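Asker: First the structure, which I've put down as structure tokens, then a few questions once you've had a look.
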């Protein structure tokens with residue numbers, strides 16, 4: 001067992017609507033980590049913020065709040 005044997009086939013899709021907001025200049029966690037969620041989350045929304053790093057809510061709170069408000073209002 002362990003993470004070495006983990007595959008997506010072993011996980012049921014997440015059914016809770018999910019919003020991911022990611023800075024495209026995140027040096028800690030590369031933007032490529034935002035790829036591949038389609039089969040894992042049934043209702044998945046990704047918003048990438050240009051010119052923003054790892055701490056999106058501190059670096060651009062206006063954009064984060066706008067994306068949250070629009071997503072919650074849908």
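The values are calculated or read from the model by the stated rules, or taken from the named source; none is laboratory data. Please read all numbers here as calculations on a predicted model, not as lab measurements. As a convention, Cβ positions derive from the backbone with ideal geometry for all residues, glycine included, and neighbour counts pool all protein chains shown.
Asker: Based on this model, can you work out whether residue 27 counts as under 13 Å from the mean Cα position of the chain (by Cα) and modelled with pLDDT under 95?
Answerer: No: the conditions fail for residue 27.
Asker: Quick one: is residue 64 modelled with pLDDT of 95 or more, in a loop (DSSP other than H, G, I, E, B) and in contact with a strand residue (DSSP E or B) (Cβ under 6 Å, 6 or more places away or on another chain)?
Answerer: In short, no.
Asker: Only residues that are crowded, with 16+ Cβ neighbours inside 10 Å, out of contact with any helix residue (DSSP H, G or I) (no Cβ under 7 Å at 6 or more places or on another chain) and assigned to a loop (DSSP other than H, G, I, E, B): list them for segment 39-61, please.
Answerer: 60, the sole residue that qualifies.
Asker: I would also like to ask the following. What's the number of the only condition in (1) surrounded by 11 or more Cβ atoms within 10 Å (Cβ to Cβ); (2) assigned to a helix (DSSP H, G or I); (3) at pLDDT 95 or above that residue 72 fails to meet?
Answerer: For residue 72, the failing item is (1).
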